[in-house]
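Please read the structure below before turning to the comments.
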Amino acid sequence: MGVHRAAIVGAGHTRFGVLEEGPRALLRAAVGAAFESVDRAPERSSVDEIFLATLGFGGWQIGNSASVLAEESGCVGVPVTRVENACASGGFALRAAARAVSSGSAELVLVAGVEKMTDVSNARRRYWLGVSGDTEWERLAGLTFAGVYGLIASRYLSEHRLGREALAEVAVKNHEAGALNPNAHFRKAVRTDQVLGAPRVADPLGLYDCCPVSDGAAAILVARADVARRFTDTPVWVDGLGASSDYLAVQERPDLVRFAATRRAADAAFASAGFDRSKVSFALVHDCFTIAELLALEDLGFAAPGEAPRLTLAHETRRTGRLPVNPDGGLKAKGHPIGATGVSQAYEVFAQLRGQAGARQVPGASHALTHNVGGAGATAAVTVFSVG
Ligand code: COA
């Protein structure tokens with residue numbers, strides 16, 4: 001990281017799910033909770049810069065929406081920037097904030113992510129999710145995101161001669177974790193037979209292989225390392241930032257079942273952190289569809305190609321396993337309000353590394369990784385953190 005390290009000193013979260021509140025109220029609630037979570041809370045006037053992560057689903061405030069965040073957080077006057085990389089908006093907004101403080105240009109930065117997805121018709125929802133995929137070929141051919149990930153899953157299962165069991169285990173594991181998370185969209189466990197017997201959405205993916213359509217917001221406060229202890233005795237350090245991109249349309253890529261953007265972002269994150277994968281106590285990976293969690297484990301370097309199903313079926317990625325993955329329920333059960341997701345991952349890291357994650361706490365967690373993907377791998381942000 002640059003001259004200065006960055007630290008998270010506060011984090012707030014709304015519930016994820018089908019909610020009554022609109023984007024302004026969601027942002028106000030998440031930001032309020034982030035300030036309240038700071039041990040020695042700063043004045044709102046001490047925020048130097050603001051980043052808002054949102055796709056602007058449904059056409060909500062398509063232009064200039066970051067100024068709304070300034071209003072709702074009581075920080076009108078500071079520089080504001082909206083970050084939009086589809087589902088990876090939050091991870092890239094965190095990166096922008098960490099770089100702002102590590103460059104020395106800011107001491108305290110507010111990052112929030114929001115999406116309001118459930119107040120539009122199914123047809124408009126398909127349109128708004130579709131705008132983040134390749135519009136010239138994939139969308140014109142009628143592919144949805146479930147369709148793209150369905151193709152990827154088919155290819156993966158046939159390449160490795162596998163059935164759907166490992167996909168189902170990802171769903172069972174993440175629903176079980178979501179049941180322990182008070183902010184999760186789904187707080188119910190599901191059984192393997194339910195998952196395997198559910199209606200197909202895009203073969204081989206069924207209902208429980210998909211993340212839901214959720215409303216929600218999350219916010220974090222990022223401070224420069226030399227001032228972080230002004231706000232808390234337990235800052236969570238942002239040790240390594242990695243980000244990358246890939247061809248937007250999957251047919252342009254040499255390999256359907258490896259996300260090069262994730263690989264490059266992970267290598268960059270660990271190179272800047274100065275520690276390796278073996279240090280990571282838990283990972284929050286972008287499981288928009290169950291196949292995506294398996295790919296992530298391999299692309300992040302936690303499993304060799306084709307090994308993620310074995311790891312998963314051996315329960316090594318459960319909260320009590322060797323490498324807990326998505327102990328917050330992941331996108332699958334916690335929900336996936338597009339722009340909020342990457343910020344929500346940082347919220348979870350903040351809670352877990354400070355030992356404040358309640359029933360879903362990963363025992364002894366000291367290092368963490370977040371992985372946030374835009375669309376079907378066109379953008380990826382990987383961040384690694386530590387405490388102490
Ligand atoms: N996982 C588990 N249960 C789900 C679910 C999901 N992803 N989505 C909906 N349900 C449940 C609902 O809670 C509801 O249960 P109930 O009858 O007990 O109340 C039931 O299934 C029907 O819900 P409904 O909203 O009518 O489902 P739907 O058929 O309209 O939508 C999907 C289901 C999978 C198509 C939708 O969730 C979806 O499009 N997900 C993917 C979103 C996406 O692509 N995001 C971007 C990723 S890159």
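The values are calculated or read from the model by the stated rules, or taken from the named source; none is laboratory data. Computed from a predicted structure; not experimentally measured. Positions of Cβ are generated from backbone atoms using ideal geometry, with glycine treated the same way; all protein chains shown enter the neighbour counts. Keep in mind that these areas ignore ligands, DNA and RNA; they rest on the heavy atoms of the full protein, side chains included. Shrake-Rupley method; radii C 1.70, N 1.55, O 1.52, S 1.80 Å.
Round to the nearest 10 and report in Å² the accessible area of Cys211, as given by a 1.4 Å probe over the protein chains' heavy atoms.
About 30 Å², rounded to the nearest 10.
Report the label-to-label distance for Glu252 and Ile62 in nanometres (one decimal), using points 7 Å from each Cα along the Cα→Cβ vector.
Reported label-point gap for Glu252 and Ile62 is 2.2 nm.
State to the nearest 20 debye the size of the charge dipole of the chain about its Cα centre, where the only charges are +1 on K and R beta carbons and -1 on D and E beta carbons.
480
Quick check: at a probe of 1.4 Å, how many percent of the accessible area of region 258-321 sits on carbon and sulfur atoms?
Solvent-exposed carbon and sulfur of region 258-321 make up 51 percent of the total.
Per the 1.4 Å probe, what fraction of the accessible area of region 94-149, in percent, lies on carbon and sulfur atoms?
Carbon with sulfur: 51 percent of the solvent-accessible area.
Give me the percent of accessible area attributable to carbon and sulfur for region 10-63, probe 1.4 angstrom.
Exposed carbon and sulfur together represent 46 percent of the surface.
Near Lys188, which lysines are there with a Cα under 19 Å away, not counting those fewer than 8 places off in the same chain?
Counting by Cα, and skipping residues close in sequence, Lys188 has these lysines nearby: Lys173, Lys332, Lys334.
Once the dipole of region 308-378 is set up with Lys and Arg at +1 and Asp and Glu at -1 on Cβ about the Cα centre, which of Thr317, Gln352, Gly374 lies farthest towards its positive end?
Final value for the positive-end residue is Thr317.
Quick one: accessible area per residue over the chain, 1.4 Å probe, rounded to a whole number of Å²?
Per-residue accessible area for the chain comes out at 36 Å².
Taking the alpha-carbon centroid of each part, what is the distance from region 59-82 to region 147-194 in angstrom?
Each part's Cα centre sits 36 Å from the other's.
Between Val18 and Ala304, 0.36 nm times their residue separation minus their Cα-Cα distance comes to what?
So the chain would gain 99.2 nm between Val18 and Ala304.
How much net charge surrounds Phe231 when only other residues with a Cβ under 14 Å from its Cβ are counted (Lys, Arg +1; Asp, Glu -1)?
-1
How much FRET efficiency would the formula 1/(1 + (r/R0)^6) give for Asp226 and Arg161, where r is the Cβ-Cβ distance and R0 is 45 Å, rounded to 0.05?
The formula returns an efficiency of 0.25 here.
How much length is gained on full extension from Ser103 to Ser278, taking 0.36 nm per residue of separation minus their Cα-Cα distance?
Gain in length upon complete extension: 60.1 nm.
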